[in-house]
Amino acid sequence: MALNSSLPLRRLLRASSSSATQWIWPFSPSRQSSSFLSDDDSIKNLPPLTTPKLFVSGLSRLTTDEKLKDAFASYGQLLEAKVITDRASGRSKGFGFVRYTTIEEAEKARQGMNAKFLDGWVIFVDPAKARESKPPPPPEPESSEAGFRTNKTIGWCG
């Protein structure tokens, strides 16, 4: 029964293989570049760098500081390559930072590594932004005259 049901599929495959249309898998080795974007598209849309520190997103959970350093070392002198990890589990959060000595080296690395594969994942390289300051904690609510204060989770407590 299974052989008879796959017969139309075989005919379809045989007919499509003889046609002039060829399908190219986007991740096949015959592709010249491992980038999703063509080089012209990726260069046009990138704003100029103002800092030699780069933000690298899309990292694999298996990417380490050493692997990140090895991948970016060919573009210039690295000062730092850091994969951000979770405090509790110690695993990568999927992003990291790379710092070069000059902005020109960072620009070469951004153009060379943006939308490329690292550890089987497509990574994206952007300029690092300054860390936003956290707002100050809200003030403690004052207790009422009776000594009770409001608890947001329960409603009240003594």
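The values are calculated or read from the model by the stated rules, or taken from the named source; none is laboratory data. Quick caveat: nothing in here was measured; it's all calculated off a predicted structure. Here Cβ is always computed from backbone atoms with ideal geometry, including for glycine, and neighbour counts include all displayed protein chains. Ligands, DNA and RNA are excluded from the accessible area calculation, which covers all protein heavy atoms including side chains. Shrake-Rupley method; radii C 1.70, N 1.55, O 1.52, S 1.80 Å.
Look at (1) within 20 Å of the chain's Cα centre (by Cα); (2) modelled with pLDDT of 90 or more; (3) open to solvent by 90 Å² or more (accessible area, probe 1.4 Å) and you find that residue 77 fails only one, number (1). Among the residues examined, residue 82 qualifies as open to solvent by 60 Å² or more (accessible area, probe 1.4 Å) and assigned to a strand (DSSP E or B). Look at residue 106 and say whether it is closer than 19 Å to residue 120 by Cβ and not in a loop (DSSP other than H, G, I, E, B). In short, no.
The set of residues from region 84-114 being under 13 Å from residue 53 (Cα atoms) and among the hydrophobic types (A, V, I, L, M, F, W, C) comprises 97, 98, 103, 106, 109. Residue selection: residue 68 fails the criterion of being loosely packed, with under 14 Cβ neighbours inside 10 Å and touching a strand residue (DSSP E or B) at 6+ places or on another chain (Cβ under 6 Å).
A residue that is of a type outside the set (Gly, Ala, Ser), in contact with a strand residue (DSSP E or B) (Cβ under 8 Å, 6 or more places away or on another chain), closer than 27 Å to residue 46 by Cβ and at pLDDT below 95 cannot be found anywhere in region 132-153.
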